[in-house]
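Trainee: One structure follows; several queries about it will come next.
The values are calculated or read from the model by the stated rules, or taken from the named source; none is laboratory data. Keep in mind that what you see is a predicted model, and the values were worked out from it rather than measured. Heads up, the Cβs are rebuilt from the backbone with ideal geometry, glycines too, and the neighbour counts pull from every protein chain shown.
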Amino acid sequence: MKKLIILFLLLFSNLNTQEAPSSFVLIQEKNREPIFFEEYVKKKPLIINFWATYCIPCKKEMPELQELAKESPNVQLIFINIDSAKERDKIKSFLSEANITETVLLDIYQVAAKAYLPSLEVPATFLIGSDGLIKYKTIGYTEKTIKTLRQRVPSLK
């Protein structure tokens, strides 16, 4: 029984210590320039949100995440879109309608998305500490999602 408890603790204690994948190049939505994602990781705490234009919950969640980021100046919010390159007009329209002003990166080959969530379910949000470790993740959106993030973000270091 002790071995089972120790195994359980070891397995689930790693949930908050998994290193955030960062060895890939994404495209900046505003200027279409490539950027190494690792330039963001380990500099300051991050909220990373994966989204797509076909995702109705994403449209509801993104403005709330943006508001949360404004309340937490020590944290940087990054939206990562997983649509293909041919969806650029939809992406631009989506961002305009949702009034998104935070950093938006394009993951047109879904390299980052697959590293973080192989199932490609969106929306998906990750809290990353300045140490580069994943502190929390959530997939899907409900009002409880934002409430939980609001509780966890202030302690993100």
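Trainee: So which residues in the stretch 64-97 are assigned to a helix (DSSP H, G or I) and of a type in the set (Phe, Trp, Tyr)? Walk me through it before giving the result.
Mentor: Let us first name the residues in the stretch 64-97 that are assigned to a helix (DSSP H, G or I), namely 64-71, 85-97.
Phe94, the sole residue that qualifies.
Trainee: Within the stretch 136-152, work out how many residues are of a type outside the set (A, V, I, L, M) and touching a Pro at 6+ places or on another chain (Cβ under 8 Å). Spell out how you get there, then give the answer.
Mentor: Here is the first cut: in the stretch 136-152, the residues of a type outside the set (A, V, I, L, M) are 136-138, 140-145, 147-148, 150-152.
From the residues that got through so far, the ones that are touching a Pro at 6+ places or on another chain (Cβ under 8 Å) too are 140-141.
Looking only at that region, the number is 2.
Trainee: Might you check whether a residue that is without any contact (Cβ under 8 Å) to a residue 40 or more places away in the chain, surrounded by 19 or more Cβ atoms within 10 Å (Cβ to Cβ) and among the aliphatic types (A, V, I, L, M) occurs anywhere in the stretch 102-118?
Mentor: Within the stretch 102-118 (the criterion being without any contact (Cβ under 8 Å) to a residue 40 or more places away in the chain, surrounded by 19 or more Cβ atoms within 10 Å (Cβ to Cβ) and among the aliphatic types (A, V, I, L, M)), the answer is no, since none of the residues qualifies.
Trainee: Right, something else. Against the definition (assigned to a strand (DSSP E or B), under 24 Å from Val153 (Cα atoms) and modelled with pLDDT of 95 or more), how does Ile100 come out, yes or no?
Mentor: Details: assigned to a strand (DSSP E or B): no; under 24 Å from Val153 (Cα atoms): yes; modelled with pLDDT of 95 or more: yes.
So Ile100 does not fit the description; no.
Trainee: Taking the residues in the stretch 85-134 that are within 18 Å of Val41 (Cα to Cα) and β-branched (Val, Ile, Thr) as candidates, determine which candidate is nearest to the chain's Cα centre (by Cα).
Mentor: Thr125
Trainee: Looking at (1) more than 14 Å from the chain's Cα centre (by Cα); (2) in a loop (DSSP other than H, G, I, E, B); (3) buried (at least 16 other Cβ atoms within 10 Å of the Cβ), which is the only condition Pro21 fails?
Mentor: For Pro21, the exception is condition (1).
Trainee: Limited to the stretch 119-131, what total is found for residues that are of a type outside the set (Phe, Trp, Tyr) and surrounded by 15 or more Cβ atoms within 10 Å (Cβ to Cβ)?
Mentor: Looking only at the stretch 119-131, we keep the residues that are of a type outside the set (Phe, Trp, Tyr), and these are 119-125, 127-131.
Those left that are additionally surrounded by 15 or more Cβ atoms within 10 Å (Cβ to Cβ): 122-125, 127-130.
Total satisfying the criteria: 8.
Trainee: Being assigned to a strand (DSSP E or B), touching a residue at least 60 places away in the same chain (Cβ under 8 Å), out of contact with any helix residue (DSSP H, G or I) (no Cβ under 8 Å at 6 or more places or on another chain) and not hydrophobic (A, V, I, L, M, F, W, C) is the filter here; which residues of the stretch 29-55 pass it? Spell out how you get there, then give the answer.
Mentor: First, pick out the residues of the stretch 29-55 that are assigned to a strand (DSSP E or B): 34-36, 46-51.
Applying the additional criterion that residues be touching a residue at least 60 places away in the same chain (Cβ under 8 Å) yields 35, 46-51.
Among the residues that remain, those that are also out of contact with any helix residue (DSSP H, G or I) (no Cβ under 8 Å at 6 or more places or on another chain) are: 35, 46.
None - no residue of the stretch 29-55 is assigned to a strand (DSSP E or B), touching a residue at least 60 places away in the same chain (Cβ under 8 Å), out of contact with any helix residue (DSSP H, G or I) (no Cβ under 8 Å at 6 or more places or on another chain) and not hydrophobic (A, V, I, L, M, F, W, C), so the list stays empty.
Trainee: Kindly indicate which of Ile146, Ile82, Ile134, Ile91 is crowded, with 17+ Cβ neighbours inside 10 Å and farther than 15 Å from Cys58 by Cβ.
Mentor: On the way: Ile146 fails: farther than 15 Å from Cys58 by Cβ; Ile82 fails: farther than 15 Å from Cys58 by Cβ; Ile91 fails: farther than 15 Å from Cys58 by Cβ.
Only one candidate qualifies: Ile134.
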